[in-house]
1. What number of residues within the stretch 85-123 are out of contact with any Leu (no Cβ under 9 Å at 6 or more places or on another chain), among the polar types (S, T, N, Q) and buried (at least 18 other Cβ atoms within 10 Å of the Cβ)?
2. Checking the structure you have, find out if any residue of the stretch 67-74 is over 11 Å from the mean Cα position of the chain (by Cα) and assigned to a loop (DSSP other than H, G, I, E, B).
3. Ser31 - would you say it is open to solvent by 50 Å² or more (accessible area, probe 1.4 Å), touching a residue at least 60 places away in the same chain (Cβ under 8 Å) and under 16 Å from Ile70 (Cβ atoms)?
4. Which strands (runs of 3 or more DSSP E) does the stretch 1-65 wholly contain that include 3 or more residues that are closer than 18 Å to Gly104 by Cα?
5. Determine the pairs where a residue that is open to solvent by 50 Å² or more (accessible area, probe 1.4 Å), located within the stretch 41-65, has a partner that is of a type in the set (Val, Ile, Thr) and not in a loop (DSSP other than H, G, I, E, B) with Cβ atoms under 7 Å apart, the partner being 6 or more residues away or on another chain.
6. Would you say Tyr60 is of a type in the set (Ser, Thr, Tyr) and modelled with pLDDT of 95 or more?
7. Among the residues of the stretch 66-84, which ones are open to solvent by 40 Å² or more (accessible area, probe 1.4 Å) and under 16 Å from Ser17 (Cβ atoms)?
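The values are calculated or read from the model by the stated rules, or taken from the named source; none is laboratory data. From a predicted model like this one, the values you see are computed outputs, not experimental measurements. Neighbour counts are summed over all protein chains in view; Cβ atoms, including those assigned to glycine, are modelled from backbone coordinates with ideal geometry. Note: areas computed on protein heavy atoms with side chains; ligands, DNA, RNA excluded. Shrake-Rupley method; radii C 1.70, N 1.55, O 1.52, S 1.80 Å.
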Amino acid sequence: QVQLVESGGGLVQAGGSLRLSCAASGRSFSSYAMGWFRQAPGKERAFVAAINWSGGSTYYADSVKGRFTISRDNAKNSVYLQMNSLKPEDTAVYYCAADLGTVGGLVTSYAYWGQGTQVTVSS
C-alpha cells in the first residue's frame, strides 16, 4: 500500500504558475505509476497527467499539454506537477493517484488516492 499527501495548491492569477507536490509513504514507491487528476465543482474527476515508474514516459490531457509538466523523484518518494500559464478553467481540486499497473489516464486504473489540494485561478 501507499499513502499520498498533496500540497502546493492555492490561489493564483491567470497566467501564473503553481507547483503541486505529492509525497508518498509506504514501500516501493518506484514501482508505482503515478497520475494527477482534477475535479471541478459539478464535474467528474478528469485526467491531467501521468508518469510511469521510472519517469521515462509521461502523458498529458490535451487541455494541459505544453503548460503542465509531471515529474517524479523516486529518491524522495515524490511526484510533482508544474503548472504554468494557468487559466481560470484550471480551477479544481487536484488529486494525486498511484497504481502498480501500467500507467494510464483512467480514474479506475488507480487504486490509491490522496485527499486533494485546491487550485483556484482568478481571471
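1. Of the residues in the stretch 85-123, 1 are out of contact with any Leu (no Cβ under 9 Å at 6 or more places or on another chain), among the polar types (S, T, N, Q) and buried (at least 18 other Cβ atoms within 10 Å of the Cβ).
2. Within the stretch 67-74, one or more residues are over 11 Å from the mean Cα position of the chain (by Cα) and assigned to a loop (DSSP other than H, G, I, E, B).
3. No: the conditions fail for Ser31.
4. Result: 33-39, 46-51, 58-60.
5. Arg45/Val107; Thr58/Ile51; Thr58/Ile70
6. Criteria met by Tyr60.
7. Gly66, Thr69, Ser71, Gln82, Asn84
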